[in-house]
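**Student:** Sharing a structure here in structure tokens format.
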Amino acid sequence: MAMTQVNPTRMELTRQKSKLVTAIRGHKLLKDKRDELMRRFLDLVRLNKQLREEVEEGIRAANRRFVLAAAVMNDPALKTALLAPKQSVSVSVAAKNVMSVDIPVMDYKTGSPGEGDIFSYGFAFTSGDLDDAVRSLNDIFPKLLKLAECEKSCRLMADEIEKTRRRVNALEHVMIPEYQRQIKYITMKLDENERSTQIRLMKVKDMMIKENIEQKRAKMA
Amino acid sequence: MYSIAVMGDRDSVAGFGALGLETRFTDEPRETMKTFRQLASSGRYAVIYITEKAAAMISDEIEKYNEAMLPAVILIPGVSGNTGMGIAGVKKSVEKAVGSDIIFND
């Protein structure tokens, strides 16, 4: 690891210490964020799995009926039957902030002439299987939308968890040890300087005393 | 207000038209890519449902929209059956977040 060289001064020491404090606090916060995100993510992803299984099963059933309908009816008739939908769907999307991740909250409105009136065709020239197919798709539709919301949220949260985890690890294993190492280096260096000054002073004092004694001796003689 | 789009081969997707969703029929990769780009970049759609078969052709392009909040690109099984790609996507996000798959290994 590349070590950055720092000046062994008191000012630098104070700076490094305050950086260490910030890093430790940031580490704690990010760790909490990661844990909370993970907890929510796991709840959400279980829901996601369940919804997906239900939706896939529903679509499979609808498709089976649709294939039956397509087999019984001729192609142009089938196309025209589904050409002009009676119902229109619009979705409003709001963002919900979960631990700094914006996840979508979707709410849909259907503009249909009547409750359950979803068939865009007369019943005279179409197969009953088509009715079943359209009805089962309609039944699964709320879940389909819920799945979209849930799966998107899961994906966004997974991204955020990964990012947060990297940050936590970088702080824990790189930044904090680096600051600690630098603080240690500066303290050692400063202590060493202090000791050497002390010794120098003691030496000088010794020399002065010695000189004094010798002068006195010379005077006495 | 946003709309919802469904794209894929005609047989898989046509039924959704009856529900009032906007349908786009595509079969071959180039066309699929073009349609998907149009839908995704228009900003009019909150959700784009795409059949697993069609999604397999343009998986790189789909991945670009993973980080944006909208549109949500959701895979659905087509008329030819379930390839397991949709559930694999969920699995992937679990692996990404947790580090290993703890939801689907039972």
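**Student:** Identify, please: which residue in the range A:10-34 is exposed (fewer than 13 other Cβ atoms within 10 Å of the Cβ) and over 32 Å from the mean Cα position of the chain (by Cα) and is, among those, nearest to the other protein chains (Cβ to nearest Cβ)?
**Tutor:** A:Thr14
**Student:** Take the conditions farther than 25 Å from B:Ile74 by Cα and of a type in the set (Ser, Thr, Tyr) and apply them to A:Thr110. Does it pass?
**Tutor:** Considered against the rule, which asks whether it is farther than 25 Å from B:Ile74 by Cα and of a type in the set (Ser, Thr, Tyr), A:Thr110 comes out as no.
**Student:** Just need a number here: residues in the range A:86-132 that are modelled with pLDDT of 80 or more and touching a strand residue (DSSP E or B) at 6+ places or on another chain (Cβ under 9 Å).
**Tutor:** Residues meeting the conditions: 17.
**Student:** Follow-up. Across the range A:55-81, what is the number of residues that are among the β-branched types (Val, Ile, Thr), in contact with a helix residue (DSSP H, G or I) (Cβ under 8 Å, 6 or more places away or on another chain) and in contact (Cβ under 8 Å) with a residue 40 or more places away in the chain? Outline the logic, then answer.
**Tutor:** First pass over the range A:55-81, keeping only residues among the β-branched types (Val, Ile, Thr): A:55, A:59, A:67, A:72, A:80.
This time we only want the ones that are in contact with a helix residue (DSSP H, G or I) (Cβ under 8 Å, 6 or more places away or on another chain), so: A:55, A:59, A:67, A:72.
Restricting the remaining residues to those that are in contact (Cβ under 8 Å) with a residue 40 or more places away in the chain gives A:55, A:59, A:72.
Residues in the range A:55-81 being among the β-branched types (Val, Ile, Thr), in contact with a helix residue (DSSP H, G or I) (Cβ under 8 Å, 6 or more places away or on another chain) and in contact (Cβ under 8 Å) with a residue 40 or more places away in the chain: 3 in total.
**Student:** Now for a separate question. Between B:Tyr65, B:Tyr45, which is more than 7 Å from chain A (Cβ to nearest Cβ), in contact (Cβ under 8 Å) with a residue 24 or more places away in the chain, among the hydroxyl-bearing types (Ser, Thr, Tyr) and in contact with a Leu (Cβ under 6 Å, 6 or more places away or on another chain)?
**Tutor:** Numbers: B:Tyr65 fails: in contact with a Leu (Cβ under 6 Å, 6 or more places away or on another chain).
So the residue among B:Tyr65, B:Tyr45 that is more than 7 Å from chain A (Cβ to nearest Cβ), in contact (Cβ under 8 Å) with a residue 24 or more places away in the chain, among the hydroxyl-bearing types (Ser, Thr, Tyr) and in contact with a Leu (Cβ under 6 Å, 6 or more places away or on another chain) is B:Tyr45.
**Student:** Got a number for residues in the range A:124-167 being under 30 Å from A:Val67 (Cα atoms) and either assigned to a loop (DSSP other than H, G, I, E, B) or under 10 Å from the mean Cα position of the chain (by Cα) (or both)?
**Tutor:** 4
**Student:** Tell me whether the range A:46-53 contains one or more residues that are at the interface with chain B (Cβ under 9 Å from one of its Cβ atoms), touching an Asp or Glu at 6+ places or on another chain (Cβ under 8 Å) and either assigned to a helix (DSSP H, G or I) or under 30 Å from A:Asp132 (Cβ atoms) (or both).
**Tutor:** Yes: one or more hits.
**Student:** Only one of these is among the aliphatic types (A, V, I, L, M) and more than 9 Å from chain B (Cβ to nearest Cβ): A:Ala70, A:Ala61, A:Ala81, A:Ala95. Name it. Walk me through it before giving the result.
**Tutor:** On the way: A:Ala70 fails: more than 9 Å from chain B (Cβ to nearest Cβ); A:Ala81 fails: more than 9 Å from chain B (Cβ to nearest Cβ); A:Ala95 fails: more than 9 Å from chain B (Cβ to nearest Cβ).
Going through A:Ala70, A:Ala61, A:Ala81, A:Ala95 in turn, just one is among the aliphatic types (A, V, I, L, M) and more than 9 Å from chain B (Cβ to nearest Cβ): A:Ala61.
**Student:** Restricting the range B:70-89 to residues that are closer than 29 Å to B:Gly43 by Cβ, facing chain A (nearest Cβ under 7 Å) and not in a helix (DSSP H, G or I), which is farthest from the chain's Cα centre (by Cα)?
**Tutor:** Result: B:Leu70.
**Student:** Only one of these conditions is not met by B:Ser80: (1) buried (at least 18 other Cβ atoms within 10 Å of the Cβ); (2) touching a strand residue (DSSP E or B) at 6+ places or on another chain (Cβ under 9 Å); (3) hydroxyl-bearing (Ser, Thr, Tyr). Which number is it?
**Tutor:** The single condition B:Ser80 does not satisfy is (1).
Rundown of residues vs (1) free of Cβ contacts under 8 Å to residues at least 12 places away in the same chain; (2) of a type in the set (Val, Ile, Thr); (3) crowded, with 22+ Cβ neighbours inside 10 Å; (4) within 17 Å of A:Leu147 (Cβ to Cβ), yes/no style:
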position: B:Val6; (1), (2), (3), (4): no, yes, yes, yes
position: B:Arg10; (1), (2), (3), (4): no, no, no, no
position: B:Ala14; (1), (2), (3), (4): yes, no, yes, no
position: B:Ala18; (1), (2), (3), (4): yes, no, yes, no
position: B:Glu22; (1), (2), (3), (4): no, no, no, no
position: B:Asp27; (1), (2), (3), (4): no, no, no, no
position: B:Thr35; (1), (2), (3), (4): no, yes, no, no
position: B:Ala40; (1), (2), (3), (4): no, no, no, no
position: B:Ala54; (1), (2), (3), (4): no, no, yes, no
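**Student:** Going by what's in this entry, would A:Leu37 be described as part of a helix (DSSP H, G or I), within 14 Å of another protein chain (Cβ to nearest Cβ), under 30 Å from A:Val174 (Cα atoms) and touching an Asp or Glu at 6+ places or on another chain (Cβ under 8 Å)?
**Tutor:** Working: part of a helix (DSSP H, G or I): yes; within 14 Å of another protein chain (Cβ to nearest Cβ): yes; under 30 Å from A:Val174 (Cα atoms): yes; touching an Asp or Glu at 6+ places or on another chain (Cβ under 8 Å): yes.
It is true that A:Leu37 is part of a helix (DSSP H, G or I), within 14 Å of another protein chain (Cβ to nearest Cβ), under 30 Å from A:Val174 (Cα atoms) and touching an Asp or Glu at 6+ places or on another chain (Cβ under 8 Å).
The values are calculated or read from the model by the stated rules, or taken from the named source; none is laboratory data. As the structure is a prediction and not an experimental result, all values here were calculated from the model. Here Cβ is always computed from backbone atoms with ideal geometry, including for glycine, and neighbour counts include all displayed protein chains.
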